[in-house]
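*Asks:* A single structure is presented below for examination.
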Amino acid sequence: MARFWKESDHVLWTLILFYLATTISVAMPSRDVTIIRASAATLLDYAWAAESDLDGNRQAEAQQRLLNHLKWMEDNLPERWGQYTLQQRGEWVFQAMHDRLLNGKYDENQNTLSGALIEGDYNCVSATILFQILTEQAGLPTVAMQTRGHVWCRLLSRPELDIETTCPTWFLLEPHDRDSSPAILAGNEARTLSARGLAAKIPYNKASIAAAGGDYAQAMQLLEFALRLDPNDAAARRNHTAILNNWAVACVSQRDCDQALKVLEQMESQSTHDEQLAENRQKIVDAVIEQWCRTGRFEEALRLLEQYPGTEPSRYTTRSIYEQWIQDATAQGEWLQAKNILRMAMTALESDPLAIAQLRRQYRQLLPS
């Protein structure tokens with residue numbers, strides 16, 4: 001609703017409350033793809049959709065709290081509201097939000113709108129979502145802003161006003177104190193954020209928490225959901241690759257080579273031109289080859305080396321793997337097998353006469369007299 005409150009505009013408030021009540025009463029498919037794709041969806045719709053594991057009863061409780069707050073705002077609207085500037089209106093909505101709703105504590109991991117409404121705890125994502133919903137219903141022109149690792153709200157007044165939604169005393173601060181805030185320091189690096197993009201920060205941040213706890217599968221699901229909400233989120237795409245890499249490394253350390261290769265395949269499909277990815281890819285391949293050679297899976301190690309030749313230097317070559325295979329066979333007294341492996345090595349290296357000559361000299365006891 002892109003309208004401004006007037007001093008006695010109770011009709012507008014009635015329409016606002018009717019709209020929200022209708023929204024609440026409908027069995028919203030909030031976690032359905034149809035919401036994500038709906039062009040007419042609101043920030044409130046996207047926020048509920050972004051909480052993919054939100055219980056229906058909890059959503060109803062949160063929505064009722066939102067309705068109660070809007071009703072309170074209607075009943076307590078300042079008498080001279082129509083004479084207020086945009087900044088004064090924004091300050092009134094902001095203070096009411098912190099006094100009546102966000103009266104818990106700042107929690108960097110509390111990303112959800114439901115948590116902000118029910119428990120009163122918040123971070124920059126949940127506080128900015130709630131403030132934008134309230135200012136939208138109040139007819140105040142605002143836009144969400146972002147910089148690396150942080151979001152806030154900008155009131156499109158004259159001049160524009162950046163509002164740190166996590167600071168309850170923001171409007172009481174001296175100008176020099178505001179100037180040291182992340183929102184002001186971001187300067188030209190700040191970028192606007194759509195409703196979809198702001199809501200997408202909910203699963204994005206949840207993914208970071210899951211990855212930090214070692215639940216990489218859950219982290220990937222959340223990141224992919226965030227990218228469905230906001231396909232243009234470059235940070236989510238970077239984290240997607242980074243989490244895949246960490247997952248593959250964790251799989252290798254846990255000796256789960258098969259899962260490590262599955263993750264590596266996902267990494268390949270995400271970005272084949274990333275220099276960092278190429279370096280990490282080779283480390284993962286080398287680690288898997290090392291484990292396979294230790295457990296006697298030499299043929300699989302050779303196929304893997306052929307599949308991922310890589311541009312980065314590897315600790316393994318076709319010759320080095322064959323040599324480990326020969327040494328493993330001889331250590332077990334399998335001389336016939338060792339001879340067969342040597343013949344396979346010389347066939348595989350037929351384009352390298354020097355390598356073949358060195359193998360003949362090194363394993364001459366395995367060659368025919």
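The values are calculated or read from the model by the stated rules, or taken from the named source; none is laboratory data. This one's a predicted model, so the numbers in the text were calculated from it and none came from an experiment. Please note: Cβ atoms are built from the backbone with ideal geometry, for glycine as well, and neighbour counts cover all protein chains shown. The area values use the complete protein model at the heavy-atom level, side chains included, leaving out ligands, DNA and RNA. Shrake-Rupley method; radii C 1.70, N 1.55, O 1.52, S 1.80 Å.
*Asks:* What nm value, rounded to one decimal, do you get for the distance between Ile184 and Ser269 when each label is placed 7 Å out toward the C-beta?
*Replies:* 4.7 nm
*Asks:* Now, a different point. Which net charge results when you count Lys and Arg as +1 and Asp and Glu as -1 among the other residues whose beta-carbon is under 14 Å from that of Ile321?
*Replies:* Values: positive: Arg294, Arg297, Arg303, Arg315, Arg319; negative: Asp286, Glu290, Glu299, Glu300, Glu306, Glu323, Asp328.
Net of charged neighbours comes to -2.
*Asks:* Among Phe225, Ser253, Gln365, which residue has its Cα positioned farthest towards the positive end of the charge dipole of the chain, with +1 placed on the Cβ of Lys and Arg, -1 on the Cβ of Asp and Glu, and the dipole taken about the Cα centre?
*Replies:* Of the options given, the answer is Gln365.
*Asks:* Moving on. For helix 195-212, what angle does its Cα long axis make with the longest principal axis of the chain, in degrees from 0 to 90 and rounded to 10?
*Replies:* Between the helix axis and the principal axis of the chain, the angle is about 50 degrees.
*Asks:* Still on this model: Name the trypsin sites (Lys or Arg not before Pro) in the range 143-249 that are in a loop by DSSP and that have at most 13 other C-beta atoms within 10 Å, would you?
*Replies:* Answer in residue order: Arg148.
*Asks:* Counting pairs of alpha carbon atoms under 8 Å apart in space and at least six apart in sequence, what relative contact order in percent does the range 70-219 give?
*Replies:* Relative contact order for the range 70-219 comes out at 19 percent.
*Asks:* Rank Pro203, Met344, Cys167 by how far each Cα sits towards the positive end of the charge dipole of the chain (+1 on Lys, Arg Cβ; -1 on Asp, Glu Cβ) and give me just the farthest.
*Replies:* Met344
*Asks:* Around Glu164, which amide H atoms from residues at least 5 apart in sequence, or from another chain, sit under 5 Å from its own amide H, with H modelled in the peptide plane?
*Replies:* The list, which skips near neighbours in sequence, is empty: none.
*Asks:* Enter the angle in degrees (range 0 to 90, nearest 10) between the Cα long axis of helix 353-362 and the first principal axis of the Cα atoms of the chain, meaning the one along which they spread out most.
*Replies:* 70 degrees
*Asks:* For a bin width of 10 Å, list the pair-distance distribution of the range 312-369 built from all Cα-Cα distances, rounded to whole %.
*Replies:* Per 10 Å bin, starting at 0, the Cα pair percentages come out as 24, 55, 19, 2, 0.
*Asks:* Run through every distinct alpha carbon pair of the range 52-106 and return the Kirkwood hydrodynamic radius in angstroms, one decimal place.
*Replies:* The Cα-based Kirkwood calculation yields 13.0 Å.
*Asks:* How large a share of the accessible area of the chain, in percent, is made up of carbon and sulfur atoms when the probe is 1.4 Å and the other protein chains stay in place? Mind dumping the intermediate values first?
*Replies:* Numbers: 9150 of 18890 Å².
Carbon with sulfur: 48 percent of the solvent-accessible area.
*Asks:* Then there's this: Per residue and in Å³, how big is the convex hull formed by the alpha-carbon atoms of the chain?
*Replies:* 175 Å³
*Asks:* Excluding ligands, DNA and RNA, what is the solvent-accessible area per residue of the range 174-299 at a probe of 1.4 Å, expressed in Å²?
*Replies:* 50 Å²
*Asks:* Check the straight Cα-Cα distances from Lys201 and name the aspartates and glutamates below 13 Å, setting aside those fewer than 8 residues away within the same chain.
*Replies:* Glu51, Glu108, Glu224, Asp230, Asp233
*Asks:* Quick one: Karplus J couplings for the range 78-86, per residue in order, coefficients 6.51, -1.76, 1.60, θ = phi - 60°, nearest Hz, x for Gly and Pro?
*Replies:* Calculated HN-Hα couplings, in order: x, 4, 9, 3, x, 9, 6, 6, 4 Hz.
*Asks:* Now for a different question. For helix 56-75, report the angle its Cα long axis makes with the longest principal axis of the Cα atoms of the chain; keep it between 0 and 90° and round to the nearest 10°.
*Replies:* 30 degrees
*Asks:* What does the charge dipole of the chain about its Cα centre add up to, to the nearest 20 debye, if the Cβ of each Lys and Arg holds +1 and the Cβ of each Asp and Glu holds -1?
*Replies:* Here the size comes out at about 800 debye.
*Asks:* Among the listed pairs Lys206/Lys262; Lys105/Lys206; Lys283/Lys339, which have their C-alpha atoms separated by more than 25 angstrom in this model?
*Replies:* Lys283/Lys339
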